[in-house]
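Notes follow once the structure below has been shown.
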Amino acid sequence: MKIAFFDTKPYDKPSFEKFGGVSGVEFKYFETKLNEDTVDLAGGFDGVCVFVNDTVNAAVIDRLNEMGISIVALRCAGFNNVDLKHAKGRVRLLRVPAYSPYAVAEHTMAMLLTSIRRIHKAYIRTRDFNFSLSGMTGFDLHGKTVGVIGTGRIGRVFIDICRGFGMRVLAYDKYRAEGLDNGDTVRYVELDELFRKSDIISLHCPLTEETYHIIDGASLEKCKRGVVILNTSRGALVDAEALLTGIKSRKVGAACLDVYEEESEFFFEDFSGHILEDDTLARLISMPNVIVSSHQAFLTEEALENIAETTVKNIVDIVKNGKCDNEILID
């Protein structure tokens, strides 16, 4: 069984070689992303393996069909880069619904602590032997209210971490997790209340038509002055221009972003020494109260192992059994 593996990075190969080798799945690694211009590289393979910034649109799906390829294995949880309507009946979409909720949730808290305790600034200062504490005052997390939008696996792990810091949690999800709301330290509320009462807002929901720009100018207007915005989920959950406006007006006290709505052209690549052509991203990075990491929240040894193991199992299940528990079923 031969699979064309797109958007390959060095850290992908060890785990996929390990699990592919024992399951009879051979991967051919391409550094380029899958799109209309590169889809022909998949010719002669049994399927393709793609990541978050690969393009699986109608044109790509049709070309895969023409080459007799019906398996699209996503090595990620999200699938907003796939034209689901066009995929129906043409390709079978497999995904990794959970690889390490701890990796993402812990990275979210790491970014929050780094931001509010100015750890990134302290690191730079002390390397220059500057031990001044001017401008380094942070605030306690204990007793603060965090609004968590999305209470799936990652959201619930993040809530557990926040509770360990003595924080109060306001949660929102279209589909509420049974037993999470204890009526005290964790309560489900509607979005308006979450926006009004939260000191910190963290996004852990999928990108859908309903959640697109869930953080925009209107929602920020409802928030407390100085609110901290965390996004380690999907870039387009946040209207980047509105966020930038909120930061400049001091409505937003800080932002920690592991994702960005136009990230596909930049994230995972080295642009040092180049002029960044995305003015919004450049301005966000230049802000002293903004931390941007390049979609690395998932990147732990445990998560990479889980991603590879699940992806390979998905492929084997669909080929040998004709079904897979992690297939994306399209209505």
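The values are calculated or read from the model by the stated rules, or taken from the named source; none is laboratory data. Computed from a predicted model, the values in this text were never measured in an experiment. Reconstructed Cβ throughout: ideal geometry from the backbone, glycine too, with neighbour counts over all protein chains shown. The accessibility values were calculated without ligands, DNA or RNA, using every heavy atom of the protein model including side chains. Shrake-Rupley method; radii C 1.70, N 1.55, O 1.52, S 1.80 Å.
General remarks:
- The value obtained for segment 1-160, namely the Cα convex hull volume divided by the number of residues, is 171 Å³ per residue.
- For Val319, the solvent-accessible surface computed with a 1.4 Å probe is close to 80 Å², ligands and nucleic acids excluded.
- Between Arg196 and Ser23, the C-beta separation translates, for a Förster distance of 56 Å, into a calculated FRET efficiency of about 0.65.
- The chain - convex hull of alpha carbons, volume per residue in Å³: 152 Å³
- Nearest-20 debye value, segment 55-195 charge dipole, Cβ charges on Lys, Arg, Asp, Glu: 420 debye
- Phi-derived couplings, Karplus 6.51 cos²θ - 1.76 cosθ + 1.60 at θ = phi - 60°, listed residue by residue for segment 301-307: 4, 5, 5, 4, 5, 5, 4 Hz, with x used for Gly and Pro.
- Mean Cβ neighbour count within 10 Å, used as a protection proxy, ranking 142-152, 267-277, 307-317 highest first: 307-317, 142-152, 267-277
- Think of segment 1-133 as a dipole: +1 on every Lys or Arg Cβ, -1 on every Asp or Glu Cβ, centred on the Cα centre; then among Thr114, Met1, Val91, Thr114 lies furthest on the positive end.
- In this structure segment 16-58 gives 46 Å² per residue of accessible area when probed at 1.4 Å with all protein chains present.
- Leu257 contributes about 10 Å² of solvent-accessible surface, heavy atoms of the protein only, 1.4 Å probe.
- Summed residue charge, Cβ within 14 Å of Arg250's Cβ, Lys/Arg positive, Asp/Glu negative: +3
- When the residues Thr114, Thr108 are ordered by accessible surface, computed with a 1.4 Å probe over the protein chains alone, the sequence from largest down reads Thr114, Thr108.
- Model label zone, Glu31; criterion: amide N under 16 Å from point 7 Å along Cα-to-beta-carbon; scope segment 255-284: 266-272
- Estimated from helices alone, the mean residue ellipticity of the chain at 222 nm is -10000 deg cm²/dmol (sum of -39500 (n - 2.57) over DSSP H runs with n ≥ 4, per residue).
- Taking each of Lys9/Lys33; Lys9/Lys88; Lys9/Lys320; Lys13/Lys85; Lys13/Lys313 in turn, the alpha-carbon distance tops 20 angstrom for Lys9/Lys88; Lys9/Lys320; Lys13/Lys85.
- The phi torsions of segment 176-193, fed into the Karplus equation with coefficients 6.51, -1.76 and 1.60 and a -60° offset, translate into couplings of 6, 7, 5, x, 7, 6, 9, x, 9, 6, 10, 9, 7, 9, 7, 4, 4, 5 Hz, rounded to whole numbers, with Gly and Pro shown as x.
- By definition, a body whose alpha carbon gyration tensor gives a ≥ b ≥ c is oblate when a/c is 1.5 or more and a/b is not larger than b/c, and segment 73-182 fits this oblate description.
- For Val148, the amide hydrogen comes within under 5 Å of the amide hydrogens of Leu170, Ala171, Tyr172, Ser202, counting only partners 5 or more places away or on other chains and with H modelled in the peptide plane.
- J(HN,Hα) series, segment 141-158, from Karplus relation 6.51 cos²θ - 1.76 cosθ + 1.60, nearest Hz, glycine and proline x: 7, 4, x, 7, 9, 10, x, 10, 9, x, 10, x, 4, 5, x, 6, 5, 5
- Placing a label point 7 Å from the Cα of Ala98 along the Cα-to-Cβ line, the residues of segment 192-236 whose backbone N sits under 20 Å from it are 203-207, 232-234.
- Between Met136 and Gln296, the modelled labels are 2.3 nm apart [label points 7 Å from Cα along Cα→Cβ].
- In nm, spacing of pseudo-spin labels at Glu269 and Ile119 (7 Å Cα→C-beta vector): 3.1 nm
- Cα shape, segment 179-331, gyration tensor, a/c 1.5 rule: oblate
- Per residue convex hull volume, Cα atoms of segment 34-92, in Å³: 68 Å³
- Once the 1.4 Å probe is applied to the protein heavy atoms, segment 175-331 comes out at 52 Å² accessible per residue.
- Centre separation in Å (Cα based) which lies between segment 191-226 and segment 118-133: 32 Å
- Label-point separation in nm, Asp317 to Asp40, each point 7 Å along Cα→Cβ: 3.6 nm
- Once C-alpha pairs closer than 8 Å and six or more residues apart are averaged by separation and normalised to the residue number of the chain, the relative contact order reads 17 percent.
- For the chain, carbon and sulfur atoms together expose 49% of the accessible surface, with a 1.4 angstrom probe and every protein chain in place.
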